[in-house]
DNA sequence: TGCCAGGCCCTCTTTAGGGCCTT
C-alpha cells in the first residue's frame, strides 16, 4: 500500500467517554483531506451512539442527547467515513485515542483499519518543547494559527489540527532547508527520543 | 447512576511511577 507524501486525512472524534472497551461510542466525526499543503475536502457527521451522553460530555462538547437523537446511527456515518478515508494515512492529535475509537467502530462493521497513523501531539512535543503544554488549543495559540474560536467540535478540531500539521511541516522545511517532508518522516520524528531530535534533524538537512 | 483507559514520555528508570493528552 502506498500513500502520497502530501495527501493525508486529519481526523477528530467527539465521543461519550475515554474507552471503547467500556462501551463508549463516537458521537461526532470531523475529517479533512490535505493535498499539496492545502485542505481540499471535508467530512463531518453527527451520529446517534445508542447510549446516553452524560452531562459532562454535553457540557464539554455542546453535543446534546437531543441533537444526536435526530442523527443517523454510528454505523451509517462510520461507513461513509470509511469511503472518505480510504487507505489514506491519518493524522490526529493524540492519535492513539482516535485510532482506538476508529478501530472499535470499524470492527463493528467488520472493516479493518490498516491505515498508517501519525500523531500531531507527539510531533509537536519534539518541535515545540518550549510551548506551555501540548494541548491542541495551546499549540494553535502558541503558533498564532487561525481558528474560529470553536473548540471540542470535531470538524473545528480537525481543521485546527490540520493547520498545526501544515505549520509544523513548513517550519521543518524552512529550518532545515529541505523539501518534501514525508508522512513517514513525521511518524519517525514523533518516535525518536527527545535527546535524539538534533541528530534526527541533522539527517534531514 | 456512576464508574471505567491507554499509549507515550521522562527520570530521582529499566524488577517503576507519575505526568501528559485525548472525550
- Output for the range A:180-203, where each listed residue is more than 21 Å from the chain's Cα centre (by Cα), surrounded by 15 or more Cβ atoms within 10 Å (Cβ to Cβ) and away from DNA strand B (no atom under 13 Å from the Cβ): A:201
- residue A:137 versus (1) within 8 Å of DNA strand B (Cβ to nearest atom); (2) not in a helix (DSSP H, G or I): which is the lone unmet condition? (2)
- Would you say residue A:77 is surrounded by 15 or more Cβ atoms within 10 Å (Cβ to Cβ), touching a strand residue (DSSP E or B) at 6+ places or on another chain (Cβ under 7 Å), under 14 Å from residue A:15 (Cβ atoms) and in contact (Cβ under 8 Å) with a residue 40 or more places away in the chain? yes
- Message: Please pick out the residue among A:156, A:118 that is in contact with a strand residue (DSSP E or B) (Cβ under 6 Å, 6 or more places away or on another chain), within 25 Å of residue A:81 (Cα to Cα) and at pLDDT 90 or above.
- Response: A:118
- Item | One residue from A:76, A:71 being assigned to a loop (DSSP other than H, G, I, E, B), away from DNA strand B (no atom under 11 Å from the Cβ) and out of contact with any helix residue (DSSP H, G or I) (no Cβ under 7 Å at 6 or more places or on another chain) | A:71
- Task: Considering every residue within the range A:167-179, establish whether at least one is within 12 Å of DNA strand B (Cβ to nearest atom), farther than 24 Å from residue A:20 by Cα, surrounded by fewer than 19 Cβ atoms within 10 Å (Cβ to Cβ) and modelled with pLDDT under 95.
- Result: no
- Task: Might you check whether a residue that is in a strand (DSSP E or B), more than 9 Å from DNA strand B (Cβ to nearest atom) and within 30 Å of residue A:197 (Cα to Cα) occurs anywhere in the range A:91-107?
- Result: yes
- Message: Among the residues of the range A:48-60, are any farther than 20 Å from residue A:93 by Cα and in a strand (DSSP E or B)?
- Response: yes
- Query: Taking the stated definitions as given, is residue A:68 in contact (Cβ under 8 Å) with a residue 24 or more places away in the chain and under 30 Å from residue A:184 (Cα atoms)?
  - Reply: no
- Query: Identify, please: which residue in the range A:14-47 is in a loop (DSSP other than H, G, I, E, B), surrounded by fewer than 20 Cβ atoms within 10 Å (Cβ to Cβ) and more than 10 Å from DNA strand B (Cβ to nearest atom) and is, among those, nearest to the chain's Cα centre (by Cα)?
  - Reply: A:37
- Going by the structure shown, is residue A:147 within 8 Å of DNA strand B (Cβ to nearest atom), part of a loop (DSSP other than H, G, I, E, B) and more than 14 Å from the chain's Cα centre (by Cα)? no
- Message: Can you tell me which residue is surrounded by the most Cβ atoms within 10 Å (Cβ to Cβ) among those in the range A:108-129 that are more than 12 Å from DNA strand B (Cβ to nearest atom) and in a loop (DSSP other than H, G, I, E, B)?
- Response: A:115
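The values are calculated or read from the model by the stated rules, or taken from the named source; none is laboratory data. The structure presented is a predicted model; accordingly, all values stated were derived computationally and were not measured. Note that each Cβ is placed from the backbone with ideal geometry, even for glycine, and that neighbours are counted across all protein chains shown.
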